[in-house]
Structures are given as C-alpha cells and as structure tokens.
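Q: Got a structure here, written out as structure tokens. Questions coming.
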Amino acid sequence: MRRLLFSASAPVGAFILTLIISSITLWAFGSNPFSAYGDMLDHAAKLETQVDILNRATPLYLSAVAAAIGFRMNLFNIGVEGQYLFAFLIAAQVGSLVSLPGILHIPLIMVTAMAVGAAYAGIAGVLRVTRGVNEVISTIMLNAIAISGFIAWLQRRWQADQEQFTSTTLGTVPIEESGLFPDINGLLEIFTREIGQGKELTGLLLVAVAVGFAYHFLLNHMRFGFDLRASGLNPFAARAGGIPPKRMIVAAMCLSGAVAGLIGMVELAEGAKFPPDPIKGLGFAGIAVALLGRNNPFAMVLSALLFAFLDVSAGILQNTQAATKEIVNIMQGIVLLAAVIAYGVSRRVQDREEARLTAEALQHDDKNDKNGKIEATT
Amino acid sequence: MGVLKRLHDLPAWARWPLYALLGILLLTIVQSISGTERLTQVSTSREMLRWAVPIFLAGLGGLFSERAGVVNIGLEGMLILGMWFGAWGSIEYGPWWGLVIGMIGGGLGGLLHAIATVSFQVDHIISGVAINILAPAITRYLSDEIWASPTTSPRTTSVGDWDVPFLAGGTIFGWESPDVLLDIGKAEWWYVSDVANLARGLLRGTHWVAIAALVLVPVTTWIIWRTRFGLRLRIAGENPAAGEAQGINIARYKYVAVTISGALAGLGGAFISTELSGLFQGGNSAGRGFIGLAALIFGNWRPGGVLAGALLFGYVFGLDLKDLDGTASHALLLVNTIVFGAVLVWAISKRRLTDAVLAGVLGSGAFIWWLSVDSVPSWWSNILPFVLVLLVLLFFSQRLRMPAKLGEPYRKGS
C-alpha cells in the first residue's frame, strides 16, 4: 500500500505542477484558467467527446506500447514516427489493390502494416548489432528518410487520380468496404445511449486492448519477455546467462516496429486511404505517453487517455474562446517533463529510504551479535 | 596512398581548403561528363551557405553540449524556440536584438535540458524528446496569443548582408570595387571558373550571421582545446570523476555547456526566421536541428568537421532548390559512385572485406541508377544528407571518437 501511494505520488505531483504552470500561463495572457478547465471538463462529459477521446487514445496507446517495448530493453526507438507513416502508406496501397472478403482483407492489411513497420525498425536493429550504429541516431535518420523520401515519392506515385499529377489533395486509392475495420458503436451502445453526430468508435480499440494484454503477458509471464527485461537491466549478466544479446536487440526493434505499424490503422479505418496530410506526431507523442506511464501497460492506458483528452479539448477551447487552444500542447509537454523529473526524484528518495532501512537493520544485527558475544563470554 | 598521407599531415588551415579544391575538381569532372552546369553555379553555393549556417550553428551547439557529456537531441526544439524568439525580438526591438533574443530563447531551452539532465539525472534522450515536444507547443501558443495566428508572424527585419570588396564587387565608402570573381567566372576557364563561381556565391551577399558563424570555428577550437574552461568542459565529458577529484564543479560546467548549446541552436533558429524567411513560420525549421546533430557526428565532434558536414548537407539541399528538372541531382549520383569507389579502394587497402563488399554493392547501385535514368526526383536530394550520415556511421563508426562518458547520467560523488 505504501509502495502504491509512493509510486502514484510522482505522476500526481507532476500533474498538479502542470496545472499550476499552465494556470499561470493562461492567467498571464489574460484568460481565466478555471473557465478554460471547466469548459474542457464539461465537453469531456459528453458521450460524443468520449468517443473522440477513445479514438485518439487508441493510436496513442499503440504508439506508447511500441516505444515501451524498446525502452524495456534500453533501446530508444525514436523512429516510431517514420515506421507508422511508412507502414500506413504501404498497407493502404496494398489494401486498395485487392478485393477480398473482409475476413481475409482486414488481416492482409494489418499484417502488411506490421511487417513494414517491423522491417523498417529492423534496419536500425541490424545496423546496431552488425556495425555498432547507435539506434537513436539511426532511427532519427530513418525517420527523415521515410517521411521526406519514400513517403513523399510513393504518395505522388500512388495518387488516386494520375491525371491530376500536380494536385496532392487526393491521397491513395480508397480501399473497398470489406477492408475497413468495422466500428464498434454497437458494443458501446449496449451500455449507453445511441452515439450521435455521426461519430464512430474505432474497432481498433479492441486491438489496442489486446496489444496491451499481450505486452503485459509477454513481459511478465513469458521467457522472451524475461530475456528482454534482463538484457535491458544488465546486458552482460544476461549474456552470461545465455541470452543472445544481438538477437534480442533485433527482435525487440522488430517487435516495436510491428506494433508501430498498427498506429496508422485507426486513421485508415476511418478514411479508407492514406490521406495527403495524415496525422503526424503520433510517434513522438507515443514516446511521451510511454514515459508518463512508465512503460506499465495499465498506467499507459491512463496517460494515453490524458493525452487524448488534452488533444480533443483543443477544439472546445477554440469554440468557447475560453483560452488559446495551443495551451493543451503546452500542458502535454510540461506534464511529460515534470513526470520524468518527478520519477527521477522519487527513485532517488526510494533508494535513500532503502539504504537507510538496510543500514538500520545492519546496526540492529550488530547489536544482537555483540549482545550474543557478551553473553557467551560471561 | 602516400599523397593522401602527406595531405593528412598538413596543418588544418591548409588542409581544408585543399580538400575543398579537390572536391570542386571532382564536381567539375562530373559536370563535364554529365552536361549540367548547376553543380558549380554562383546560386548553388549561395543556397548552400544559406542552408549550412543554421545546420552548422545547431551542430556547433551540439558540440558544446556533447563535449561536456550531455547528449542533446533537443537541438531541434531549441532551434524552434530561437526561430520564434528571434522573430519576436526582431519585430519588437530591431534585427540585432532579434538575434540576441533568439539566442536567449534557445538558451532557455538549453537551460531546461540542463536542469533535467544534470540536476535531476533524467535520461538525456528522454529530456531531449520532451523539449522537442514542448518547444513547438510553446511557439504555437505564443504566436496565437501575440500575432493571432499559431503558425505565422508579421514580417521581420534582417541585419543585412555584405559584398566582399575586390573579390565580389563590394563597395568601399561608396566606391564600387571591381568584381574579380565575376570576371573569372564569365571567362569560362575549365575548373578555374567553377572555383570562382562557387567562391563568389559565398562572398557576395554574405549574411553577417554567416560571417559570425565562420568566425566561430577557430573561436570554438580555441575555447575547447586551448583554454582552462574548455579543458574542464572536456573533462566533464571524458572523465567527470577525475575532474571532481581535482575540485572542479562538474555540474556547473555541464550547465554552462548545455546553455551555450541551446543559445547557438537558438541563433541558428533566429537566422532562419529573421534572415532567411523574413518571418516566423511553424515548420520552417525543416528538421535542421536534427541535421545539425547529424553534422556533429559526421564531423567527429570537431568544429571544422561540423562546418564541413554542414556545408556538405547544405550543398545537397541548396542544389535541390535550383534543380527543378532533377539533372543536377542526377549528376550527384555519379559523384556518389566515385566516392563509393574511393571507399572501396580504401577498404581493400585496409583488408576490410565486408566494407569493400558493401561499398562495391552501393557504388555499383548508384552507377546503374545513374546510367538508367536522366533525372532524379527531388525526394532523393531531400534524403541524401541523412543517407550520408548513415553511410558514414556504417563505414567509419569505429573511427569516430565521441566523448567517453557521453550520455551517462552524472551524479556527484559516484
């Protein structure tokens, strides 16, 4: 119980600090922070907004899991951004080329996306183990190569209408209905009322939940997950224990990339194509969500929901004019920075606490020993 | 190989210009084979310098930080802060103040990175990612509040530029001096005119900030390798425990280094907004902070090397701007082929089989591509700098020498 309180204190403290800083910022620019927060909460109480939040939290959570798989092994996959966009584009194109029954069509698209993500992330893994290239640098470079290279090129090439070559407003050829992941409005409406405003709750929410559980079981109940964590904690000891370090690095990168490949599927299910201007930044936001949730599959759900709530709140702030809408992005940045600092501090406090308890216990033992000796001599 | 060895033994001030002349010779030869003239035009080197300055300043910022042992992938965020604060300062107080305020804005980003990494031992990469998320958010918010648009500012003013007299026709006290390089360039002498054209692009309409940036190369070298401050800064990155034993306040040096790092990246950002685009525009950084990081690695954590990397990347980007039909980028493929050929020879002479095979495969790939098409799409030159960095890491990662304790969290007394 004490430990739980202790581990919750850091994120809660970070959140309070974020509220204080953003309130000061809002106040300094002449907005009323309380009316802004009030508008955000009122808005979030509506069912339709909650659907929006879940739709946003789903890709964020997938992105966070992708980053977390790397983090657990001390690998920084900064390249989730490039991996998901690249996988999204290829999967959209592959999906549009075939017409199959849904039961085959959807898995084909998703497997393609995961394979592309895994392969692209795998490059960084292979570079690391064969040539000693740091994965942070290589994934930053690979991001730029994917986004301003491959994607810019293929987006042109796979433009839906080849006649309008100069226009970039089209995106890829739309996928047939059978390839679109169905929404799960029906599932939600069992518990609540009908969802209005034409909102659709993405079916990939279920995929994200499954990925979360798979991540949990993989890490905590399976040999592979143990090897992964062991290599992350102490690569030398892990190697001595017979865990092949090179294979683990490549495997972790590929796994991370495979999950990253799923991120774009949410937008694909909505729009049926790779749009000319897809949602960007989910890769970096996912890193933030993973850090805030400390790579824990359940805590990351909360932090994904928080980030999604903030993202969705931007719209209502613009409507009500209660505050400038970019404040939500500032809040995301501050909560991340405050949280990583708070985790660092709490770890140090914890270490000190443990050291103190150990020292006390030792002293206690010492006294007992001495008493024992005295008794023995007299 | 003997010639190369002798080249390598020359002092730096003689060596680098020689490398540059050899590079231009390569361009001239390629140009005479492939029939484009853009590789050595005046506008090409002008665009190169315009691209290279912010990349170089960001990379130099990275050098200060990483020499003190702190990895700084937040350079991109600090550059963005510099872009915004530079534009704001320029609009409010005039162009020179714009640069100063841009440096302060970037420096604040650096200070934040120092607080997180040095005082709280947050992982350097994590803190950098956080700053890269936070910085664009701050600039969007401030833009929206102050200029009522999240992505664009009003026009800014520039501190201006300068034509070098005698060489590039600058004026002295109202008297227009001769433009020697223009005349040589027009004469169309083989190779000589190419050198003159490229030099003229650097010397005519040169931004004051670009001149300051070039001066920073020897200044930084002197600071880092010849002063007590620099020695201690390097100790913080190489062996902090030993420095601490000598009574050096390691944390203070790390703080100063990372703040300077942010200020330099901020100057690069201010240069982009006030001198190049003439306004703040969200997304205008175009990843130049990351490219600066790439230039830092490419340059092996040395000021001259960072400049060389920045100029090389700037050349590729700058060439693309004037290259609408893709023939110049096509000619670059031939340059790539020749460079891979040189790497192949090097690898064989060192008996490094895998390197030789890799260079052979990549070189013949570039050659076949060059033969099979007439022009190259512009995405190729957009990614070429990043590919170059990957290749440098691929072939020479054992020869790169980064500070020994780079990226390791430092805690006093451990």
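Q: Is the C-alpha gyration tensor of the stretch B:318-368 telling us rounded, prolate or oblate? Criteria: a/c under 1.5 is rounded; beyond that, a/b larger than b/c is prolate, otherwise oblate.
A: Numbers: a/c = 4.20, a/b = 2.94, b/c = 1.43.
In terms of gyration-tensor shape, prolate.
Q: Also, I was wondering about something else. Near A:L317, within a Cβ-to-Cβ distance under 10 Å, what is the net charge of the other residues, with Lys and Arg +1 and Asp and Glu -1? Don't skip to the end; give the middle numbers.
A: On the way: positive: A:K325; negative: A:D39, A:E326.
Every neighbour counted, the sum reads -1.
Q: With +1 on the Cβ of every Lys and Arg and -1 on the Cβ of every Asp and Glu, and nothing else charged, how large is the dipole of the protein assembly as shown about its Cα centre, in debye rounded to the nearest 20? Walk me through the numbers on the way to the answer.
A: Details: 56 positive and 53 negative charges, 630 e Å.
Its charge dipole is roughly 3020 debye.
Q: I would also like to ask the following. Taking the dipole about the Cα centre of the stretch B:215-305, with the C-beta of Lys and Arg at +1 and of Asp and Glu at -1, give me whichever of B:A257, B:T274, B:L233 is farthest to the positive side.
A: Sorting the options by dipole projection puts first B:L233.
Q: For a Förster distance of 22 Å, can you work out the FRET efficiency between the beta-carbons of B:N249 and B:E408, rounded to the nearest 0.05? The partial results should precede the final answer.
A: Working: r = 18 Å, r/R0 = 0.82.
Computed FRET efficiency for B:N249 and B:E408: 0.75.
Q: Okay, moving on. Cut-off 10 angstrom, C-alpha nodes, Gaussian network model of chain B. Which of B:M103, B:M402, B:M78 fluctuates the most?
A: B:M402
Q: Can you quote the Å³ per residue value for the convex hull of the Cα atoms in the protein assembly as shown, rounded to an integer?
A: Values: hull volume 173.7 nm³, N = 792.
Each residue corresponds to 219 Å³ of Cα convex hull volume.
Q: Separate question: Testing the spin-label approximation: label points 7 Å from Cα along Cα→Cβ at B:A148 and A:Q318. State their distance in nm.
A: 1.7 nm
Q: Calculate, for B:V219 and A:E176, the FRET efficiency according to 1/(1 + (r/R0)^6) with r their C-beta to C-beta distance and R0 56 Å; round to the nearest 0.05.
A: Values: r = 63 Å, r/R0 = 1.12.
According to the calculation, E is roughly 0.35.
Q: If you don't mind, another one. Does chain A classify as rounded, prolate or oblate by the C-alpha gyration tensor (a ≥ b ≥ c root eigenvalues; a/c under 1.5 gives rounded; else a/b over b/c gives prolate, otherwise oblate)? Present the calculation step by step, with values, prior to reporting the outcome.
A: Numbers: a/c = 2.18, a/b = 1.43, b/c = 1.53.
Here chain A falls in the oblate category.
Q: Can you give me the distance in nm between label points at A:K46 and B:A286, each placed 7 Å from the Cα along the Cα-to-Cβ direction?
A: So the two model labels end up 4.1 nm from each other.
Q: Further question on the same structure: Run the simple label-point estimate for B:L26 and B:D325 please: 7 Å along Cα→C-beta, distance reported in nm.
A: Simple spin-label model gives 2.6 nm for this pair.
Q: Over 29 Å between Cα atoms, which of A:K246/B:K254; A:K246/A:K273; A:K246/B:K350 qualify? Write out the running numbers ahead of the final one.
A: On the way: A:K246/B:K254 33 Å; A:K246/A:K273 37 Å; A:K246/B:K350 26 Å.
Among A:K246/B:K254; A:K246/A:K273; A:K246/B:K350, the Cα-Cα distance tops 29 Å for A:K246/B:K254; A:K246/A:K273.
Q: Here is a follow-up. Restricting to DSSP H runs of at least four residues, report the calculated mean residue ellipticity at 222 nm for chain B, -39500 (n - 2.57) per run over all residues, nearest 500 deg cm²/dmol. Don't skip to the end; give the middle numbers.
A: Numbers: 17 runs with 289 residues, N = 414.
-23500 deg cm²/dmol, from helical runs alone.
Q: Counting helices only, and only those DSSP H runs with n ≥ 4, report the 222 nm mean residue ellipticity of chain A as the sum of -39,500 (n - 2.57) divided by its residues, in deg cm²/dmol to the nearest 500.
A: On the way: 16 runs with 282 residues, N = 378.
My calculation for chain A gives -25000 deg cm²/dmol from helical runs alone.
Q: Okay, next question. Report the calculated FRET efficiency for B:Y191 and B:R401 (r = Cβ-Cβ distance, R0 = 30 Å), to the nearest 0.05. Numbers along the way, then the final one.
A: Values: r = 35 Å, r/R0 = 1.17.
FRET efficiency, B:Y191 to B:R401: 0.30.
Q: Once you order the gyration tensor axes a ≥ b ≥ c over the Cα atoms, which shape class does chain B get: rounded for a/c under 1.5, otherwise prolate or oblate by comparing a/b with b/c? Please list the in-between numbers first.
A: Working: a/c = 1.64, a/b = 1.20, b/c = 1.36.
Oblate shape, in that a/c is at least 1.5 and b/c is the bigger or equal ratio.
Q: To continue, here is another question. Return the whole-Å distance between the Cα centroid of the stretch A:72-144 and the Cα centroid of the stretch B:286-348.
A: 26 Å
Q: For the stretch A:17-68 and the stretch A:335-353, what is the separation of their Cα centres, given in Å?
A: If we compute the Cα centre of each part, the gap is 23 Å.
Q: Same structure again: Report the extension gain between B:A242 and B:R38 in nm, rounded to one decimal, defined as 0.36 nm multiplied by the number of residues separating them, less their alpha carbon distance. Present the calculation step by step, with values, prior to reporting the outcome.
A: Details: separation 204, 0.36 × 204 = 73.44 nm, distance 5.28 nm.
Stretched out fully, the B:A242 to B:R38 stretch lengthens by 68.2 nm.
Read the figures in this text as sums done on the coordinates, not as results from a lab. Keep in mind that this is a model prediction, so the values were computed, not measured. Cβ atoms come from the backbone with ideal geometry, glycine included; neighbour counts cover every protein chain shown.
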